[in-house]
Structures are given as structure tokens and as C-alpha cells.
Amino acid sequence: MSGEADMETDGVATEGGPSEGGPDRGTPAEGAPTSARTPAEGPGEPPAAAAGIFGERLPVAVRYTELLATAGVQRGLIGPREVPRLWDRHVLNCAVLAELLPANASLCDVGSGAGLPGIPVAMARPDVSVTLLEPLLRRTTFLEEVVRELGLDNVTVLRGRAEEMVGKVAVDIVTARAVAPLDRLAGWGMPLLRPYGQMLALKGDTAEQEIEESRSALTKLGAERWSVISVGEGTLETSTRVVRVEAGESPGGVRAATRRAKAARAGRGAKDAGRGGPRRRR
């Protein structure tokens with residue numbers, strides 16, 4: 001993921017565009033008047049579907065949506081025009097991914113940005129352990145504050161690039177919500193999976209076309225099967241389209257396996273050093 005930085009998806013900043021030094025596209029520069037950064041409208045009341053998705057954690061979801069509409073906009077993580085549609089287009093659109101997750105799964109949300117889809121999934125599924133992986137400091141600061149305020153004890157915030165985490169992070173599920181092409185998303189996410197894990201990428205109308213264009217890359221990255229799934233049907237007015245990529249025995253392919261082995265050797269070396277060096281054989 002070299003060169004990875006900011007990128008926006010439907011008004012939400014995620015991984016992969018301009019450098020951290022400049023403002024996100026479509027958001028006012030630092031020092032702009034508050035009136036230029038804060039939307040006139042709030043996110044509104046939660047739709048009826050929210051109670052069924054979040055259950056007893058609905059008040060937590062309401063507070064998260066409020067934080068997106070206020071601090072998220074002020075810090076340039078959410079476009080002001082997205083605020084009136086935060087519930088339908090962002091929070092619930094992401095939360096229905098929970099339908100696809102096995103019980104007690106571990107999940108890494110790559111390029112988490114403002115916490116989408118990782119935080120809605122964590123609220124909908126308290127049994128799932130969620131890691132929010134994000135390279136930019138100002139975003140991880142926001143995420144840490146949100147996780148602390150919401151009391152999400154099943155969420156961990158980790159600062160770094162996906163390519164740096166191979167051999168350090170190993171999960172059942174990787175999620176991604178970005179406008180990067182599928183082959184690039186797979187290159188970031190597949191190496192973080194455990195054997196036979198899954199990558200779930202939120203995609204729109206281009207999902208099938210991207211799969212066709214990415215078949216060769218997916219195979220090289222250790223994928224065995226891929227499909228497009230609609231989730232939230234019967235719950236949301238517009239269902240969420242997800243590309244599901246199922247890994248085989250070696251997620252990420254040969255290169256990722258080599259990097260995992262290297263990380264494992266480095267970890268063993270660090271442990272030996274902590275014990276005063278490797279023991280000699282007698």
C-alpha cells in the first residue's frame with residue numbers, strides 16, 4: 001500500500017488519495033470559519049430499521065451518528081452534505097455487513113477513516129472483535145476518542161498501513177469501504193486474513209465489472225472464490241452490495257506468506273533476546 005493516504009468515498013474520507021499534509025477533497029481547509037465546516041442540518045432521528053439492527057445499542061449508534069455529524073465534519077472526515085443522509089447512506093449501509101459475519105469472529109477494517117464500516121459493525125455485533133486500521137494520526141485520534149466515548153470494548157484502534165501489518169495482524173474477516181479498485185483493495189486486505197478467511201468490500205454498481213477485471217490478481221492473492229452479495233434486503237430501502245472474496249490456505253499469496261514467515265522469525269528473535277538469547281543445544 002505504498003503511497004497510501006487520503007481518499008473519499010461518497011463524502012467519507014478513507015484510504016489512498018492526497019497526502020496527509022493537505023485537506024481532504026471537498027472539505028474546507030484548516031482555519032476555515034466554523035460555519036463553512038458545520039452543516040445546517042443534523043442527521044435526524046434514526047430510521048425504524050436502526051432499532052432492529054442495533055437492538056439495545058441503538059443509543060450508542062445515535063451518539064456515534066451525532067459525533068460524525070459534528071466532530072467528523074469539523075475535522076474533515078465527513079463531507080457536510082452527507083450529514084442529512086448519515087443514517088441511510090453510511091451507518092445503516094455499513095451495519096448490515098453484520099449479517100455476513102460468523103459468531104465471535106475477528107475483523108480488521110482497513111483504511112477505517114471515520115470508522116466506517118468497522119464501528120457500525122462493532123455496535124451491531126458485540127461478539128465480534130474489531131480492529132480499526134488507519135494510517136493517519138488525525139483519524140486515529142478521532143477514532144480513539146469515539147471508541148472511548150461510546151464504550152466499545154470490542155474495538156481496538158491501530159495506526160499503520162496494511163502492508164506494515166502482515167504477520168502482525170491475522171483476522172477472520174477484512175472489510176474495506178473505498179473507491180480503490182478491487183485488485184488494490186485485495187492486495188491490502190488479503191494478506192491480513194487467516195487461512196480460509198474472507199474479505200468483504202462494499203461496492204456499488206461496478207461490483208461485477210471489478211470482479212471480472214480482477215480475477216487474475218485475486219487468484220495470485222490466494223483467493224479461491226468470489227461473489228457479489230446484497231445485504232440488508234427487506235431491512236433497508238436500498239440494500240448494500242458487497243464483494244465477498246474467500247481466501248484459501250495462503251491468503252495474500254506467496255509474497256504475503258514470505259512476509260508472515262519473516263515477521264514470525266523476527267518475533268521469535270525478539271523473545272530470545274528478552275530471555276538473554278537462544279538456548280544452546282546440549
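A few points about this structure:
- Span per principal axis, largest first, for the Cα atoms of region 174-250 (Å): 38, 23, 18
- For region 108-191, averaging the sequence separation of C-alpha pairs within contact (under 8 Å, six or more residues apart) and dividing by the residue count gives a relative contact order of 35 percent.
- Vicinal HN-Hα couplings computed from phi for region 214-220 (Karplus, 6.51 cos²θ - 1.76 cosθ + 1.60; Hz; Gly/Pro x): 10, 3, 4, 5, 4, 5, 5
- For Leu193, the amide hydrogen comes within under 5 Å of the amide hydrogens of Val171, counting only partners 5 or more places away or on other chains and with H modelled in the peptide plane.
- Applied to region 245-258, the Karplus parametrisation 6.51 cos²θ - 1.76 cosθ + 1.60 on θ = phi - 60° returns per-residue 3J(HN,Hα) values of 10, 9, 7, x, 6, 10, x, x, x, 4, 4, 5, 4, 5 Hz, with x for Gly and Pro.
- Label-point separation in nm, Arg85 to Arg215, each point 7 Å along Cα→Cβ: 3.3 nm
- Relative packing of peptides 93-100, 105-112 - highest average C-beta neighbours within 10 Å first: 105-112, 93-100
- Rolling a 1.4 Å probe over the protein heavy atoms leaves Thr70 with an accessible area of roughly 60 Å².
- The modelled label-to-label distance between Glu208 and Ser239, using points 7 Å beyond Cα along the C-beta direction, is 1.4 nm.
- Cα gyration tensor of region 33-154 - equivalent ellipsoid semi-axes, whole Å, descending: 23, 17, 11
The values are calculated or read from the model by the stated rules, or taken from the named source; none is laboratory data. It should be emphasised that the depicted structure is a prediction, and the values quoted were computed from it without experimental measurement. Using ideal geometry, Cβ is built from the backbone for each residue, glycine included, and neighbour counts are taken over all protein chains shown. These area figures cover heavy atoms from the full protein model, side chains too; ligands, DNA and RNA do not enter into them. Shrake-Rupley method; radii C 1.70, N 1.55, O 1.52, S 1.80 Å.
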